[in-house]
1. Restrict the check to the range 149-166 and report whether at least one residue is in a helix (DSSP H, G or I), surrounded by 22 or more Cβ atoms within 10 Å (Cβ to Cβ) and within 16 Å of the ligand (Cβ to nearest atom).
2. Looking only at the range 102-134, how many residues end up being modelled with pLDDT of 90 or more and touching a helix residue (DSSP H, G or I) at 6+ places or on another chain (Cβ under 7 Å)?
3. Would you mind listing the helices (runs of 4 or more DSSP H) fully within the range 205-265 where at least 2 residues are surrounded by fewer than 16 Cβ atoms within 10 Å (Cβ to Cβ), more than 16 Å from the ligand (Cβ to nearest atom) and not basic (Lys, Arg)?
4. With (1) in contact with a helix residue (DSSP H, G or I) (Cβ under 8 Å, 6 or more places away or on another chain); (2) surrounded by fewer than 19 Cβ atoms within 10 Å (Cβ to Cβ) as the list, and Lys184 as the residue in question, which single condition is left unmet?
Amino acid sequence: MAKAKPPTSMQSKLPLTTQKAAKDKKLKAKSPVHDAAKPKKRKIIVRELAIPHPSPPKWEEVYALIQQHRADGGAPVDTMGCDLAGVGEDDPKDAACDAAVKRLRAVLGGSITLPALLEAPIELIRETIYPVSFYKSKAKYIKATVSALNEEFDGEVPRDVDDLCSLTGIGPKMAFLILQVAWKQNDGICVDTHVHRITNLLGWHSPPTNTPEQTRLNLQSWLPKSHWQDINHLLVGFGQTICPEPGRKCGSCNVNKAGLCPGALPPGAKTTTKKKRGSTKRKRKDDVEESEEGEDGAEYTQVKVVRNKRKATKKKTKKENIEDLEDLV
Ligand code: SF4
């Protein structure tokens, strides 16, 4: 008769039910559902620089030239975006987000309200906002945020940037935008990828900034408060039409014609997407790229490459398994 194998770990000595409970607990700890529901570590948002950044020379001239480009209002941000569609959409360039907000409004009975979102099952939100990128995480963030608003803020949208940033999925970018749109409070500049990138191309930061938060603090120290709200809309539209990356149209840019853009491309040159340093992964034909704002807003863009369909399916199945387990808890 074969000898029974000795237990290889402490866990294998436990009864089966205890082992299952330990496994479930481990999965629960890893689960994005619980990550979303877990309150975020409170972080105080820096309001201003100790030593203000000086205003860049001729910035008013540059601002006026960009305004000329934006006069026709032909950028996607002019017809879609958070300030038009309502809080919940954070990607003004993405038509899928705009359509998702409209669908969500329709399934919730005409308007996106806190009671309606509290009542709506996560599956319904998930299905409605699909195919927005990271729709599953976003559905979880929405549910986590509305329950935090209900339990911690008496069902009101907070009027303070630190309170807003304590909500899952909200960083300074969205917080300052929410304050402007929901409360008409001009407490800070909403710095997204366009504002961060274009102000660096224009040479407005010395030294150049590495994060949107550095960009915001620099800008806030010299840009008159009367422009804190409009600079985002101005540069997002400009970034969508004249100065996208890649594909900057420096040849037809008024700022370049006036000789006021140090980041302008020489005639005939083209921008290419930068390859990540140290990245050994080579992009394959069937890889999919997805972008998302970091939860704390500091890392404004995360690009993940989902390696071929076979692996993507495997990954999805594992994630689905965790969620199935969560549904049973
Ligand atoms: S000159 Fe080129 S890089 Fe500079 S703002 Fe215009 S489009 Fe952007």
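1. No, because not a single residue in the range 149-166 is in a helix (DSSP H, G or I), surrounded by 22 or more Cβ atoms within 10 Å (Cβ to Cβ) and within 16 Å of the ligand (Cβ to nearest atom).
2. 16
3. Filter on the range 205-265 gives 212-222.
4. Going through (1) in contact with a helix residue (DSSP H, G or I) (Cβ under 8 Å, 6 or more places away or on another chain); (2) surrounded by fewer than 19 Cβ atoms within 10 Å (Cβ to Cβ) one by one, Lys184 breaks only (1).
The values are calculated or read from the model by the stated rules, or taken from the named source; none is laboratory data. Keep in mind it's a predicted model, so treat the numbers as computed, not measured. Ideal geometry is used to build each Cβ from the backbone, glycine not excepted, and the neighbour counts take in all protein chains shown.
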